[in-house]
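Notes follow the structure.
The values are calculated or read from the model by the stated rules, or taken from the named source; none is laboratory data. Treat the numbers as computed from the prediction; the structure is a model and nothing was measured. Virtual Cβ from ideal backbone geometry, glycine too; neighbours counted across all protein chains shown. With ligands, DNA and RNA removed, areas are computed over all heavy atoms of the protein, side chains included. Shrake-Rupley method; radii C 1.70, N 1.55, O 1.52, S 1.80 Å.
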Amino acid sequence: MTSTKRSRRKALMGAVSLLSATILLPITSYAFQTAPASSRQRARAHETRLFSEESPSNPNEKKKSLSLLRLAELSLKDYDWRSSVFKSTEADRKVEESLARMMGETPSYVRPMDASEEKIGPLGVWEKTSVDWLRRVIEEEATRAKQIVKMGGILVRPYETEAPDGELGPLGFMEKQFVDFLEKIRQSERERSKSKTLRPMYMDESMRGPLGEAEFRAVQSIREILDAEKLRVAQSKLRSEVVRPIDVPGPLGDLEMKILEVIEAERQRKVDRESNPSGSFVRPKDASKKGPLGELEEQAVAVVQKLTGEEKERLRNINRYLNENRPMELNKNSVLGFLETVAVGIVRAPILMYQIFLRVSELLQAETLDTEDSKIVEKSREKAKKSKGDR
């Protein structure tokens, strides 16, 4: 019973909605037609204004964004703060270096990139390059934020940034390279569809594009391997024996040659180990015949030794820097100075008490001097007093 009542109720509601729609639609259309021309024009103007707001007439026109404008302003404030901190830190470091040079000492440093040109290592060079790249990125983003603020919140892409020197920054250069890459693909694919060319490598060299170049190189490499293998099979049939890839020019022959070099070097290393009277392990770089593994190990060991020397020198400079810039010596009334003073006192107090205990125990165990020893001590004291009086 309940299901039949619900179905009847739904049918009744559907009929009522259909009847209201059939009655109200003609009434509204008649009212709109009989309305004054001014009200109809206002209604149509309102519709056109709404439509124009939703879809602008110029699709290429960029919209202004209030959130982007605020974000650019915050970015500029952050840039000003970071640049001021960086400049003050760099100025302090330059002053310390100049003072150390005036005193005839080597300036101490903490970061690997601050080492001198003679002592800088791979980590220092890498850090210096990374910091310079990051600094250029920050300058580029600050310039882009200024342009966004100047244009009222319109988005400016990195490769559209107008740099003062006219050169693109790192992000702009990367984006431009990527956009040019995609544009080359799009143009080459468009020309390929117009010319109805099946494969990208069959296009003209001027219109081949990145996909065509990649396919051309891959096909060329495979073709070289196939030609070398065909020649090897033909030579095997002529000689009635198996011809190895190394005997035929080609990529597989070059690969086999490198593998044979590794195998020969390892065999010689085994002979060196057996001929060694101590029977100790012979490393690839210490073998009489250095193969690819020996050369690779030698280069790796050289890099590790250079890194080790660089880090040892940096550790000495860090200890020296900490000793020269201790808070308790620079400003004892500061928070760090007070904390260091308390910590040093807590650490030194047991050591001092132990030294006092040792001294007292030595005095308690001491014995009185003999008469001859006491006379010698008195004579030495009298000579000391006379020498002071003569002075």
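Let's see how each residue does on (1) closer than 30 Å to residue 105 by Cα; (2) in contact with a Cys (Cβ under 9 Å, 6 or more places away or on another chain); (3) small (Gly, Ala, Ser):
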site	(1), (2), (3)
268	no, no, no
288	no, no, yes
295	no, no, no
312	yes, no, no
323	yes, no, no
366	no, no, yes
374	no, no, yes
377	no, no, no
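Under the condition of being out of contact with any Pro (no Cβ under 7 Å at 6 or more places or on another chain) and open to solvent by 30 Å² or more (accessible area, probe 1.4 Å), the residues counted in the stretch 155-187 number 22.
Residues are listed down the side, and each one gets a yes or a no for (1) in contact with a helix residue (DSSP H, G or I) (Cβ under 9 Å, 6 or more places away or on another chain); (2) part of a helix (DSSP H, G or I); (3) modelled with pLDDT of 90 or more; (4) under 30 Å from residue 249 (Cβ atoms):
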| position | (1), (2), (3), (4) |
| --- | --- |
| 185 | yes, yes, yes, no |
| 191 | yes, yes, no, no |
| 198 | yes, no, no, no |
| 201 | yes, yes, no, yes |
| 206 | no, yes, no, no |
| 214 | yes, yes, yes, yes |
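In the stretch 161-182, of all residues being assigned to a helix (DSSP H, G or I) and closer than 21 Å to residue 146 by Cβ, the one that is farthest from the chain's Cα centre (by Cα) corresponds to 176.
Across the stretch 92-112, the number of residues qualifying as surrounded by 10 or more Cβ atoms within 10 Å (Cβ to Cβ), in a helix (DSSP H, G or I) and either free of Cβ contacts under 8 Å to residues at least 24 places away in the same chain or on the phi > 0 side of the Ramachandran plot (or both) comes to 10. State whether the residues of the stretch 359-377 include one that is assigned to a helix (DSSP H, G or I), at pLDDT 75 or above and within 60 Å of the chain's Cα centre (by Cα). Yes: one or more hits.
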